[in-house]
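The values are calculated or read from the model by the stated rules, or taken from the named source; none is laboratory data. Not measured: the values here are computed from a predicted model. Here Cβ is always computed from backbone atoms with ideal geometry, including for glycine, and neighbour counts include all displayed protein chains.
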Amino acid sequence: MAILKPFKGLRPPADLASKVASRPYDVLNSEEARVEASGNPYTLLHIIKPEIDFPSGTDEHIEPVYLKASENLNSWREKGWLVKDAKDSLYIYAQTMDGRTQYGIVGCASVDDYLNGVIRKHELTRNDKEEDRMKHVRITNANMEPVFFAYPAVKELDAIVGAIVADQKPVYDYVAEDGFGHHFWLVDDTATIDKIVKLFAAIPATYVADGHHRTAAAALVGKEKRAQNPNHTGDEEYNFFLAVHFPDNQLKIIDYNRTVKDLNGLTVAQLVEKIGADFDVQKIGSTIYKPEALHTFSMYVEGEWYELITKAGRYNDNDPIGVLDVTILSNLILDQILGIKDLRTDKRVDFVGGIRGLGELKIRVDSGDMKVAFALYPVSMKQLIDIADSGNIMPPKTTWFEPKLRSGLVVHELD
């Protein structure tokens, strides 16, 4: 059963919230973060990407950079840019994109739930990325950024959240520069908190939607701190980490597409002929074509778009991994035809989040940077949950959630 714990959040004053809040550390590189932070001394990027306070080109993984994160966090506290709430609370964090709003419950998830599989994942993590975030958690002694969780929707929770949103004024309410709305409510009523926590305790599992490395790092640091504390009780803050929990029926996964640098020695005509063995292929022309159903793909090469519909018998509906479009594309085209055996290591393939639109695929190919692009129909929440429940792992770069959580609206300290 899922554990949800209220906590004393470290938060910006209302007039600084939109300036402190930033995009997550892993959606922009160091130079992009440097540009985004320019002229804004308040942004959390100075803490979650502290290399921006060093000369351009500084290795982000050296000790002085991690120490700078801790130094900046202490400075934010001293200046009153982050202030700790007086009592244990939960929070509601809503995001609006394209007229659609999703409402998440912010609280602490349990390290034990991660270790015993109540918190379920659908992606593998890399040790180097885990260690990077673990160093950041250790040095700041805080979860600076929330992880993005999903849970099976519960009507009673929906009703409680709806009442809070209807009856209370949000403590933060702004539209970011990307046009996405961010709305944040404080829940400090003990009776309401108890109801939410009790309802969560009846949920059999929660799911990591986005932030697998942050989740693993938070849990592993908590496990470390247990081993280091001879008086460990299980109630310490390090036994919990910051998460925003969204009902699964409010979430939308968008496409995650692929580009390839060459045609593996083939001409376009040869490529199309080979693809035709497993797909019904139709040339669409120069107009951008977006797949509209599962097992349908679009391909862009040499100024032309093609529709590719997978032929019957090329996948197994009873195999939760094999039925995924990313698997079909990888097995039947990227591997068998283009010679890409490992998506994690092959430098000939690159990935483009659907938030950039299919026009980005056209740009990448037309520029000569890539030779061919493939667009996919997005994975469903049901597919994600089925795979996580079965203990399977999705292929890399399968899911893209949008909007991303803003970092800095609330921070969880580990003591």
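Return yes or no: is residue 221 modelled with pLDDT of 95 or more, part of a strand (DSSP E or B) and of a type in the set (A, V, I, L, M)? It is false that residue 221 is modelled with pLDDT of 95 or more, part of a strand (DSSP E or B) and of a type in the set (A, V, I, L, M).
Put simply, of 338, 329 the only residue that is in the same structural domain as residue 262 (by TED's automatic domain parsing), under 24 Å from the mean Cα position of the chain (by Cα) and under 23 Å from residue 394 (Cβ atoms) is 329. Filtered by the rule that a residue be over 20 Å from residue 294 (Cα atoms), assigned to a helix (DSSP H, G or I) and of a type in the set (A, V, I, L, M), the range 250-281 gives 268, 269, 271, 272. Taken together, the residues in the range 89-132 that are under 20 Å from residue 170 (Cβ atoms) and in contact with a helix residue (DSSP H, G or I) (Cβ under 9 Å, 6 or more places away or on another chain) amount to 11. The set of residues in the range 344-370 being touching a residue at least 60 places away in the same chain (Cβ under 8 Å) and of a type in the set (A, V, I, L, M) consists of 349, 352, 355, 358, 361, 365, 370. Of all the criteria given as (1) β-branched (Val, Ile, Thr); (2) within 26 Å of residue 315 (Cβ to Cβ); (3) not assigned by TED's automatic domain parsing to the domain that holds residue 363, the one not satisfied by residue 221 is (2).
Residues in the range 284-312 that are closer than 12 Å to residue 372 by Cβ and of a type in the set (S, T, N, Q): 298 only. Take the range 163-191 and flag every residue that is part of a helix (DSSP H, G or I) and either touching a residue at least 40 places away in the same chain (Cβ under 8 Å) or among the aromatic types (Phe, Trp, Tyr) (or both). The answer is 164, 165. The helices (runs of 4 or more DSSP H) falling completely within the range 25-84 that include 1 or more residues that are among the hydrophobic types (A, V, I, L, M, F, W, C) and more than 25 Å from the chain's Cα centre (by Cα) map to 63-78.
A quick yes/no check of all residues on (1) in contact with a Phe, Trp or Tyr (Cβ under 7 Å, 6 or more places away or on another chain); (2) over 26 Å from residue 386 (Cα atoms):
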{"residue": "77", "(1), (2)": "no, yes"}
{"residue": "106", "(1), (2)": "yes, no"}
{"residue": "114", "(1), (2)": "no, no"}
{"residue": "118", "(1), (2)": "no, no"}
{"residue": "126", "(1), (2)": "no, no"}
{"residue": "132", "(1), (2)": "no, yes"}
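Scanning the range 216-251 for residues that are within 27 Å of residue 161 (Cβ to Cβ) and in contact with a Lys or Arg (Cβ under 7 Å, 6 or more places away or on another chain) turns up just one, 240. Beta carbons closer than 9 Å, at least 6 apart along the sequence or on distinct chains, pair a first residue in the range 103-121 that is acidic (Asp, Glu) with a second that is surrounded by fewer than 19 Cβ atoms within 10 Å (Cβ to Cβ) for 112/118; 112/234; 113/1; 113/205.
Consider residue 388 carefully, then state whether it is buried (at least 23 other Cβ atoms within 10 Å of the Cβ) and touching a Ser or Thr at 6+ places or on another chain (Cβ under 8 Å). In short, no.
Would you confirm whether or not the range 253-266 contains a residue that is over 24 Å from the mean Cα position of the chain (by Cα), of a type outside the set (Val, Ile, Thr) and loosely packed, with under 15 Cβ neighbours inside 10 Å? So far as the range 253-266 goes, yes, one or more of its residues are over 24 Å from the mean Cα position of the chain (by Cα), of a type outside the set (Val, Ile, Thr) and loosely packed, with under 15 Cβ neighbours inside 10 Å.
Within the range 227-251, being surrounded by 15 or more Cβ atoms within 10 Å (Cβ to Cβ) and not hydrophobic (A, V, I, L, M, F, W, C) holds for 236, 237, 238, 239, 245, 247, 248, 250. Looking at 285, 313, 322, 303, just one residue is touching a Ser or Thr at 6+ places or on another chain (Cβ under 9 Å), surrounded by fewer than 17 Cβ atoms within 10 Å (Cβ to Cβ) and small (Gly, Ala, Ser), and that residue is 303.
In the range 133-151, the qualifying residues are those that are polar (S, T, N, Q) and touching a helix residue (DSSP H, G or I) at 6+ places or on another chain (Cβ under 7 Å), and the one that is farthest from residue 27 (Cα to Cα) is 140. The single condition among (1) without any contact (Cβ under 8 Å) to a residue 12 or more places away in the chain; (2) surrounded by 15 or more Cβ atoms within 10 Å (Cβ to Cβ) that residue 209 does not satisfy is (1).
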